[in-house]
1. Would you check if there is a residue in segment 173-184 being hydrophobic (A, V, I, L, M, F, W, C), under 17 Å from P267 (Cα atoms) and within 11 Å of the ligand (Cβ to nearest atom)?
2. How about segment 220-311: which helices (runs of 4 or more DSSP H) wholly inside it have at least 2 residues that are in contact with a strand residue (DSSP E or B) (Cβ under 9 Å, 6 or more places away or on another chain), of a type outside the set (A, V, I, L, M) and closer than 18 Å to S178 by Cα?
3. I'm told Y314 meets every condition in (1) part of a loop (DSSP other than H, G, I, E, B); (2) open to solvent by less than 10 Å² (accessible area, probe 1.4 Å); (3) not β-branched (V, I, T) except one. Can you identify the failing condition by its number?
4. State all residues of segment 20-59 that are part of a strand (DSSP E or B) and either open to solvent by 10 Å² or more (accessible area, probe 1.4 Å) or within 23 Å of Q74 (Cβ to Cβ) (or both); if no residue qualifies, say none.
5. Among the residues of segment 157-175, is there at least one that is buried (at least 19 other Cβ atoms within 10 Å of the Cβ), of a type outside the set (A, V, I, L, M, F, W, C) and free of Cβ contacts under 8 Å to residues at least 60 places away in the same chain?
6. I need the full set of residues from segment 102-146 which are among the acidic types (D, E) and over 16 Å from A80 (Cα atoms), in order please.
7. Given the conditions (1) touching a residue at least 60 places away in the same chain (Cβ under 8 Å); (2) assigned to a loop (DSSP other than H, G, I, E, B), and given that G340 satisfies all but one, which numbered condition is not satisfied?
8. Under 9 Å between Cβ atoms, at least 6 apart or on separate chains: pull out the pairs that start in segment 363-379 with a residue that is closer than 9 Å to F189 by Cα and among the polar types (S, T, N, Q) and end on any residue that is open to solvent by 50 Å² or more (accessible area, probe 1.4 Å) and near the ligand (Cβ under 6 Å from one of its atoms).
Amino acid sequence: MLAIPVDRMGSLFRKNLPSVNRVFIKTYGCQMNERDSEAVAAMLRGRGYRIVATEDDCDILLLNTCSVRDAAEQKAIGKAAHVLGHRRKNPDFILGILGCMAQNRGAGLLDQLPDVDLIVGTQKFHHVPDYLDNLRSAREAGVPIGQTIIDTAEEADSQNTIRDHLESETQPVSAFVSIQQGCNMNCSFCIVPKTRGDERSRPMEEIVAECAGLVERGVREITLLGQIVTSYGRNRYAHAGGISPFVQLLERIHAIEGLERIRFTSPHPCGFKTDLVEAYGRLPKLCEYVHLPLQSGSNRILKAMNRPYTQERYGEIVGALRAVRPDMYFSTDIIVGFPGETAEDFSATRELFAAVNYDMAYIFKYSIRTGTPSAERPDQVPPEVKEERNQTLLGLLQENSARRNQALLGTVQEVLVEGPDQTGQRYTGRTRGNRVAVFEAAPHRVGMLAPLTIRRASVSTLYGELA
Ligand code: SAM
């Protein structure tokens, strides 16, 4: 469907605009959004557009947006309004809104942003080059488009279109690969099933071929992406000898020669059955770092969230993973201040949070998302209580992270050398536990695994010497 609901006569009678092709994509939100933006950038480059490094240099600004919390939407709307307010200086300028907020709000965005040129949802990223071509040709021909192009329909197999990668002279050594779109979990707080649609997996062959192609280009570490990666392929492939389709995929990717490391995000605790836990013992390229979203440590709140596990089961999964890999690193997502969360519920979260000893965590204050079941609840938690709980967990996290980094002093950690750091003076890389490390190195070591002796540590960064 291409809805064109708004008449925008006005500043569109322009001619001779072949130079209007410099695109900057600003991405909000998660790694999936980053990956979608990269795929759009690669498609646009293939169509002759230039992808520029800064917003100041662009003629076409695409905001790839997030809807998980209201604050993320407000940020993108504020940005778009600001940009449109300055457009008068350059009437040829094109502004597009892509992704989750485009999907969530659709034509409703025009109430606040009537002059936006393009609104493209999460199943239509691959049409962005066509829409930009149309906008540019209309302007070159001096024909007013007169409407905002809006495309937020569902499209069968759209999950298979997020596959292009940007090629550059400084080939990154680490890459994201999207294996799935959408989510069928229906957590009561979450807007993602609305913005991303039903769970749809890509064919295993295509994912493996994409990973192999990346490795040929110098990639050494691949992070598989999806809303619930552990559900990968469940409607498409059968279990084989007790091995789930997701673990089968891990095995296939593990077999790619030249690939050194595999990560994935986000899994669901329900996906950690024996086959996945054991995979950590037999697939050495699988890094000992697990992002395991907890959301709450209170069984009462987990039930209200429609999260089908208990704090006891979550603890068992952590224990099982540590039994296979004693040095396992854990990160998580937590929501504080879910409707009805009492001091007792929060204590249960705090206790489990301390017991798991997370190395990293994303702590979110509950945000009302219109259309989700928990948005309707009358027992919303006051903002100051959410803030206090947020600060409590952030304090614990800082202590944990500092303790873990201090414990690494004097040890030798394997790092994958990624490239120069922000200063350009030193190099940066990550340990298998996903810790950022900074060190001196020769340029030829980029893309290599190297042993790093840890000499100094801050809360978030390790500093060391390469052997
Ligand atoms: N795969 C993840 C899982 O197992 O639930 C979901 C990823 S979700 C896009 C990212 C995180 O945003 C969630 O894990 C949750 O912690 C947070 N989130 C989602 N809806 C939220 C809301 N209404 N308010 C605050 N945080 C929210």
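1. Yes: segment 173-184 contains one or more residues that are hydrophobic (A, V, I, L, M, F, W, C), under 17 Å from P267 (Cα atoms) and within 11 Å of the ligand (Cβ to nearest atom).
2. Per the criteria, 245-254.
3. (1)
4. Of everything in segment 20-59, those that are part of a strand (DSSP E or B) and either open to solvent by 10 Å² or more (accessible area, probe 1.4 Å) or within 23 Å of Q74 (Cβ to Cβ) (or both) turn out to be R22, F24, I25, K26, T27, R50, I51.
5. Within segment 157-175, one or more residues are buried (at least 19 other Cβ atoms within 10 Å of the Cβ), of a type outside the set (A, V, I, L, M, F, W, C) and free of Cβ contacts under 8 Å to residues at least 60 places away in the same chain.
6. D130, D133, E140, listed by residue number.
7. All conditions are met except number (1).
8. So the pair list comes out as S367/V68; S367/R69.
The values are calculated or read from the model by the stated rules, or taken from the named source; none is laboratory data. No experiment lies behind these values; they were computed from the predicted model shown. Using ideal geometry, Cβ is built from the backbone for each residue, glycine included, and neighbour counts are taken over all protein chains shown. Heads up: the accessible areas ignore ligands, DNA and RNA and are worked out on the full protein's heavy atoms, side chains in. Shrake-Rupley method; radii C 1.70, N 1.55, O 1.52, S 1.80 Å.
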